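Below: the structure, in structure tokens.
Any read-out appearing in this document is the output of simple, stated calculations on the displayed coordinates, not a laboratory observation. Predicted model only: the values in this text are computed from it and were never measured. Note that each Cβ is placed from the backbone with ideal geometry, even for glycine, and that neighbours are counted across all protein chains shown.
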Amino acid sequence: MQLHLNRTSPYARVARIIALELGLDDRLELVWSDPWADEPALLAANPCGRVPVLITDDGESIAESLLIAQYLQRLSSRVSLLPDASAAGTLHLAGIGYGLMEAAFNTVIQRKHHGKEADASVLGQRRLRAIERSADALEARYAETAPADLTMGDIIVMVALDYLTFRLPELQWPVKREHLQARYSEISSRQSFRDTAFS
Ligand SMILES: N[C@@H](CCC(=O)N[C@@H](CS)C(=O)NCC(=O)O)C(=O)O
């Protein structure tokens, strides 16, 4: 299988960490791409020109990080990142984490194209409020649940938080969110996170 990715995409990082955690990394060839350069190989795999894209051993291309996660999970019988017993809770975390990631990524992209004034627009303000509310909701969730085995939900949340630290450090997400910070410290020290650090 091939995974088209770049080093700064939180979506691509989710796909890669999931492959690593499922023990599928030796089946994965990494194809480093620049999604902003309209590269023919990437466009052939995903007409939207976005990373990540997975090309299966049968030559099928699968775009979208969450769909890639589903496909990778089906390949692994050894580990489950979406355990039956906690499926709803895992997907709850995944949904909030993914929303946080989108709000953060869109804040960064709008700033890149329209300057920091983009933050003051109606949509910019909505995104910033969404980031704060999502981080608060995650803090409350981790405060009320005992740490359990790593899930897809944890991975998406922790990549979103790491992306905030990487691109929007001024938001200082760890301040007053000690439970989130504790779980982040634990999970981000895993080899899969260390091997895929943003750069
Ligand atoms: N919903 C997609 C988002 C993917 C995405 O936006 N990737 C960015 C890189 S972080 C990209 O390739 N952007 C290029 C573009 O939008 O043209 C997913 O979950 O995979």
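Yes or no, residue by residue, for (1) outside any loop (DSSP other than H, G, I, E, B); (2) more than 18 Å from the chain's Cα centre (by Cα):
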residue	(1), (2)
LEU3	yes, no
ARG7	no, no
LEU81	no, no
HIS113	yes, yes
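Selection of region 163-179 for residues being surrounded by fewer than 21 Cβ atoms within 10 Å (Cβ to Cβ) and assigned to a helix (DSSP H, G or I) yields THR165, PHE166, ARG167, PRO169, GLU170, LEU171, GLU178, HIS179. If the condition is being among the basic types (Lys, Arg) and more than 16 Å from the chain's Cα centre (by Cα), then region 134-182 contributes ARG141, LYS176, ARG177.
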